[in-house]
Amino acid sequence: MTQIGPQKKKSYFDSSQAVRSGEQEDIKHKDAVAFVCQWVVNHQIEWSISLLVVIQLWNYAVGGESALVQLQYKIPDDPQGRYTRGWRDTCFIAHWAVIFTMLRAVTMYRVLEPFARWYGVRSNRKVTRFGEQGWLTIYYILSNAAGVYVMYNSPHWLNSKGFWIEYPEGHKQMTMLMKLYYLVQMGFWFQQIFVILIEEKRKDFAAMLAHHIITCNLLGWSLYMNYTRVGNAVLCCMDSSDIFLSGTKCIRYLGFVRGTVFSFVLFILSWVFTRHYLYLKIMFSIMYESTSILNYNMWDPGNGSFYNYYVVVAFTMLLGLLQLLIIYWFSLVLRILYRVAFFGNYDDSRSDSEDDGNAKTKLANTVSVSKAKVE
């Protein structure tokens, strides 16, 4: 018996997964904007590689000094080879946003999704999710390792007072490693806004978009106001638990039940420790520890000092909003934990059903036939 299936939530780019997966459908574009958006989604590998080639040719033409490719604002005659920040850094960030677009598309569509199909994952939606979460797992492993290494070689390693000691001197001057790490992270998070707009909309779309916007604001303002040490610590807290979050989903999509349970337990423990305990310690340092080391009369932008009462309030509010989103997501995690404990159900509360049944008709948001249960 046929039935009217629920409509799939579209992305803001009118997701083209059906076209990309080889399911040809007659998609009529009513205007040029829709056509361009569709083309951008369908050809991420092609246009990103082409743009990167153009960037490298331009860098060669200007003698290898393009702000798109090279770090800017190196301090002359500095014995440590340190850098400051400036508006040309936005070019470097944009370049890395394009790099991540290319790396994500190649990794997902040419490596992870073919692997999932070869391994035996039959659901088109699970194959796509495996590609998305596999890419994030790889990125978070690398970014967290880089972040911990940066912190290990900085004064704030296991010392929150290091966020503030001698500010702004030693803070407005960044090592090459710190600046590279920070700008690359900013490139990734700006690219994530593009990703969330092209992916299939999930139930927590608004929360995810808010998270990405707040994160980009925190990174941008902390770079401008020379609080990169605090930003480094926050990024490490977030990235470490994300490894287990995305990794657990990948293990589940491949059908490893025991591995999923073990990884899920590690994920919950890491989430509570990093995203609540350590994160709140950083917020405590901003609200109270900073005031015991600095004073509110240190507002001197010309000297790179951006500390006063209003700055403390602003950063506390932004981090507080982020913590509220984290608490919201943790409530969803607890719902999953309840279902796992009592029903053995590992479904992500944020997603629609992972069983895509007749994928072609669902992706077209039309009438669907009876869903086939995927083991």
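Below is a table of values for the structure above.
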| read-out | value |
| --- | --- |
| Pairs from Lys201/Lys281; Lys126/Lys201; Lys74/Lys281 whose Cα-Cα separation, in the structure shown, is over 22 Å | Lys201/Lys281; Lys74/Lys281 |
| log₁₀ of I(q)/I(0) at q = 0.19, 0.20, 0.22 Å⁻¹ - the stretch 40-155, Debye sum with one point per alpha carbon | -1.11, -1.15, -1.22 |
| Binned Cα-Cα distances of the stretch 91-139, short to long, each 10 Å bin given as a whole percent | 28, 45, 19, 7, 1 |
| Segment Gln80-Val106, extension gain: residue separation times 0.36 nm, minus the distance between their alpha carbons | 5.7 nm |
| Accessible area (Å², 1.4 Å probe, nearest 10) - Lys249 | 20 |
| Length added when fully stretched, Trp157-Ile45, from 0.36 nm per residue minus Cα-Cα | 36.5 nm |
| Values of log10 I(q)/I(0), in the order q = 0.19, 0.23, 0.28 Å⁻¹, for the stretch 113-191 under a Debye, Cα-only, solvent-free model | -0.87, -1.08, -1.26 |
| Distance histogram for the stretch 141-282 (every C-alpha pair counted, 5 angstrom bins, percent rounded to whole numbers) | 2, 9, 16, 19, 20, 15, 10, 6, 2, 1, 0 |
| Under Karplus coefficients 6.51, -1.76 and 1.60, residue-wise ³J(HN,Hα) of the stretch 61-67 in Hz, glycine/proline x | 5, 9, x, x, 10, 5, 5 |
| Rounded to the nearest 10 Å², the accessible area of Thr107 at probe 1.4 Å | 30 |
| Ser305 long-range amide H proximity, modeled H, under 5 Å | Asp300 |
| Chymotrypsin sites (Phe, Trp or Tyr not before Pro) lying in DSSP loop within the stretch 250-318, provided at most 15 other Cβ fall within 10 Å | Phe256, Tyr296 |
| Virtual paramagnetic centre 7 Å along Cα→Cβ of Met176, amide N under 19 Å, in the stretch 70-109 | 70-86, 89, 92-93, 96 |
| In the stretch 46-98, the trypsin sites (Lys or Arg not before Pro) that fall in loop regions by DSSP, at most 15 other Cβ within 10 Å | Arg88 |
| DSSP-assigned coil residues among GluC sites (Glu not before Pro) in the stretch 127-176, each with at most 14 further Cβ atoms within 10 Å | Glu166, Glu169 |
| The stretch 88-211 - percent of accessible surface contributed by carbon and sulfur, probe 1.4 Å | 67 |
| Rounded FRET efficiency, nearest 0.05, which uses the C-beta distance separating Asn297 from Trp118 and R0 of 41 Å | 0.05 |
| For the stretch 213-343, alpha-carbon Rg relative to the globular expectation (2.2 N^0.38 Å, N residues) | 1.30 |
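The values are calculated or read from the model by the stated rules, or taken from the named source; none is laboratory data. Predicted model, so just to flag it, every value in this text is computed and none were measured. Neighbour counts are summed over all protein chains in view; Cβ atoms, including those assigned to glycine, are modelled from backbone coordinates with ideal geometry. These area figures cover heavy atoms from the full protein model, side chains too; ligands, DNA and RNA do not enter into them. Shrake-Rupley method; radii C 1.70, N 1.55, O 1.52, S 1.80 Å.
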